[in-house]
Amino acid sequence: MKILITLAAVALALNCAYAEQKIPEGSQLVIPASEMQAVKGSDKVFTGDVTVQQLSEPLPGMAAGSGMVTFQPGSRSFWHTHPIGQVLIILKGEGRSGVYGEKVSVLKKGDLVVCPKGVKHFHGAAPDQKMVQMTITGTLPDGQNVEWMEPVTDEQYNNIK
Ligand code: MN
């Protein structure tokens, strides 16, 4: 787990350096969709087929990062918490999100999920539909923004409200 968090911090540091190098002095940076890298979500923190695109490369002093995550039907994150918190916006499809020990919510396009720091939760697609979400995640000064835990079982995933 510490390795993952360290890798995330290294990636964040590299991205900060990237942004600093690329932004024209006194101006802003536009990154075309074609240049945004999409990576397959690790099977150490996701169940099923998940694709992650990091959208914002946090600027120096900017305490949040964002990403676009595509979950194929039935896929979902492992249980996890965020040290500052996270906001999710559902962009496409139908999703699921649940808090540990509670029933799971169904998410539709345009829905917002506001998750405070330390709340153990997961997010993913519906069993029969994909889901695309935008994430806005608070980031600590050392780059940490998530603590991963165990997989979400089928029984937990299917425990709908
Ligand atoms: Mn989350």
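Just so it is clear, none of the values below were taken in a lab; they were calculated from the coordinates. Since this is a predicted model, take the numbers as computed values, not measurements. No Cβ is skipped: glycine too gets one built from the backbone with ideal geometry, and neighbour counts run over all protein chains shown.
Comparing A33, A126, A64 in a Gaussian network model of the chain (Cα springs below 10 Å), the most mobile by mean-square fluctuation is A33.
Working note: 222 nm ellipticity from helices only, DSSP H runs with n ≥ 4, each -39,500 (n - 2.57), summed and divided by the residues of the chain, gives -5000 deg cm²/dmol to the nearest 500.
A protection proxy built from the mean count of other Cβ atoms within 10 Å ranks the segments 43-52, 99-108, most packed first, as 43-52, 99-108.
Once the Cα atoms are used to define both axes, helix 2-22 deviates from the longest principal axis of the chain by about 40 degrees.
With a ≥ b ≥ c taken as the square roots of the eigenvalues of the C-alpha gyration tensor of region 46-121, please select rounded if a/c is under 1.5 and otherwise prolate if a/b is larger than b/c or oblate if it is not? In terms of gyration-tensor shape, oblate.
About its Cα centre, the dipole of the chain is roughly 320 debye, where the only charges are +1 on Lys and Arg Cβ and -1 on Asp and Glu Cβ. Taking θ as phi - 60° and the Karplus parameters 6.51, -1.76 and 1.60, the scalar couplings of region 100-108 work out to 4, x, 10, 6, 8, 8, 8, 10, 10 Hz in sequence order, x denoting glycine and proline. Amide H contacts under 5 Å for D111: I90, restricted to partners 5 or more places along the chain or on a different chain, H placed in the peptide plane at 1.01 Å from N. Using the Cα gyration tensor of region 35-82, with a ≥ b ≥ c the square roots of its eigenvalues, what is the shape: rounded (a/c below 1.5), prolate (a/b larger than b/c) or oblate (neither)? Oblate shape, in that a/c is at least 1.5 and b/c is the bigger or equal ratio. Note on N159 and I31: the model spin-label points, each 7 Å out from Cα along the C-beta direction, lie 3.6 nm apart.
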